[in-house]
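Student: Handing you a structure now.
The values are calculated or read from the model by the stated rules, or taken from the named source; none is laboratory data. Everything numeric in this text was worked out from a predicted model, so none of it was measured. Ideal geometry is used to build each Cβ from the backbone, glycine not excepted, and the neighbour counts take in all protein chains shown. To get the accessible areas, we keep the full protein, side chains included, count just its heavy atoms, and leave off ligands, DNA and RNA. Shrake-Rupley method; radii C 1.70, N 1.55, O 1.52, S 1.80 Å.
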Amino acid sequence: MSQTKHPVVIANWKMNPATQNEAKTIAKATVAIAKKNTHATVVACVPHIYIAEVKKTTGQGPLLVGAQNCHVDVKGAYTGEHAAMQIKDAGGNYVIVGHSERRKMGEGNELIAKKMLAATVAKLSPILCVGEEVRDTQGNFLTMIETQVVTALSALPKSRLKDVIIAYEPIWAIGTGATATVADVEEMQMFIKKVLTKQFDRTIARHVRIVYGGSVNADNARELFTGSGVDGFLVGGASLKPVDFGKIVSATK
Ligand code: PEP
């Protein structure tokens, strides 16, 4: 299957690394990966506290920076939270919304829809994560994915949809070493396009980039990319290991 869009590979550092110094080291190596792989958009979604530092490391360079969550409001009494506009102001261009680790903390589809809107109002590209906990043989998980996509995008004006990236991340594959098969990923990206066509139209379905996440590594990236028709990857654990992350980005050539 051939890819027609500019691939995108997103690093999700989660709550890592432990120190600013380590963050700088990984950021420098990731900038070098982005410089070497101009065929792809490379994004590092880092803890809020590291956004400004990573942005300083990349400067006007090709590595783009993002956050892993944002609040729905622009400012106010929300202790410990960060507004989308603050992420933008610190140098961010992307934000992950609805990651399964945040859904597990209680975020539901309606809240995620508000965050999607807040992100796009702040001119951040939201990376919407969707995924099932288990794959039942009746295919009920497909209805769940459809609800996640449709609800999350329901508040967005059509003009903002071109900035959206959808990450299909089956929960059972995140950080477990188990990956979806190429056929599973291909089926899901086609299914999500069908949902987008029904909700909006074919042009939007063609424009929204769909990536896969869930135990992507240096060894499986090439096969997953070339066989499934996805536009790239969302990478957790392996994004903290620059040698592996570099191989994953190169695999999208
Ligand atoms: C993630 O955190 O979004 C993720 C895909 O993690 P991992 O690559 O470690 O499975």
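Student: What about ILE171, is it touching a Lys or Arg at 6+ places or on another chain (Cβ under 9 Å), open to solvent by less than 60 Å² (accessible area, probe 1.4 Å) and either among the β-branched types (Val, Ile, Thr) or at pLDDT below 95 (or both)?
Tutor: It is true that ILE171 is touching a Lys or Arg at 6+ places or on another chain (Cβ under 9 Å), open to solvent by less than 60 Å² (accessible area, probe 1.4 Å) and either among the β-branched types (Val, Ile, Thr) or at pLDDT below 95 (or both).
Student: What single numbered condition from (1) within 16 Å of the ligand (Cβ to nearest atom); (2) more than 17 Å from the chain's Cα centre (by Cα); (3) within 20 Å of ILE51 (Cα to Cα) fails to hold for GLY91?
Tutor: (1)
Student: Anything in the stretch 88-99 that is within 21 Å of LEU153 (Cβ to Cβ) and either open to solvent by 40 Å² or more (accessible area, probe 1.4 Å) or touching a Cys at 6+ places or on another chain (Cβ under 6 Å) (or both)? List them, or say none.
Tutor: LYS88, ASN93, VAL95, ILE96, GLY98, HIS99
Student: Moving on. Restricting the search to the stretch 96-114, which residues are within 16 Å of the ligand (Cβ to nearest atom) and out of contact with any Pro (no Cβ under 6 Å at 6 or more places or on another chain)?
Tutor: ILE96, GLY98, HIS99, SER100, GLU101, ARG102, ARG103, LYS104, MET105, GLU107, ILE112
Student: Still on this structure: Residues to consider are LYS5, LYS56, LYS14, LYS35; find the one that is in a helix (DSSP H, G or I) and within 23 Å of LYS247 (Cα to Cα).
Tutor: Result of the check over LYS5, LYS56, LYS14, LYS35: LYS35.
Student: Run down THR176, THR181, THR203, THR197 and say which single residue is within 15 Å of the ligand (Cβ to nearest atom), without any contact (Cβ under 8 Å) to a residue 60 or more places away in the chain, open to solvent by 40 Å² or more (accessible area, probe 1.4 Å) and not charged (D, E, K, R).
Tutor: When all the criteria are applied, what remains is THR176.
Student: With respect to ALA67, is the statement that it is of a type in the set (A, V, I, L, M) and without any contact (Cβ under 8 Å) to a residue 60 or more places away in the chain true?
Tutor: For ALA67, the condition - of a type in the set (A, V, I, L, M) and without any contact (Cβ under 8 Å) to a residue 60 or more places away in the chain - is met.
Student: One residue is enough: does the stretch 138-156 have a residue meeting the conditions open to solvent by 20 Å² or more (accessible area, probe 1.4 Å) and farther than 29 Å from ALA180 by Cα?
Tutor: yes
Student: A follow-up question, please. Of these, THR38, THR4, which one is at pLDDT below 95, over 22 Å from ALA122 (Cβ atoms) and out of contact with any strand residue (DSSP E or B) (no Cβ under 7 Å at 6 or more places or on another chain)?
Tutor: THR4
Student: Looking at the stretch 5-23, is at least one residue in contact with a Phe, Trp or Tyr (Cβ under 6 Å, 6 or more places away or on another chain) and within 15 Å of the ligand (Cβ to nearest atom)?
Tutor: Yes, that holds for at least one residue.
Student: Is it the case, given these coordinates, that LYS247 is surrounded by fewer than 19 Cβ atoms within 10 Å (Cβ to Cβ), away from the ligand (no atom under 11 Å from the Cβ) and part of a helix (DSSP H, G or I)?
Tutor: Answer is yes for this residue.
Student: What are the pairs, 6+ residues apart or on separate chains, where a residue within the stretch 212-225 that is of a type in the set (Lys, Arg) has its Cβ under 8 Å from a residue that is more than 11 Å from the ligand (Cβ to nearest atom)?
Tutor: ARG222/ALA251
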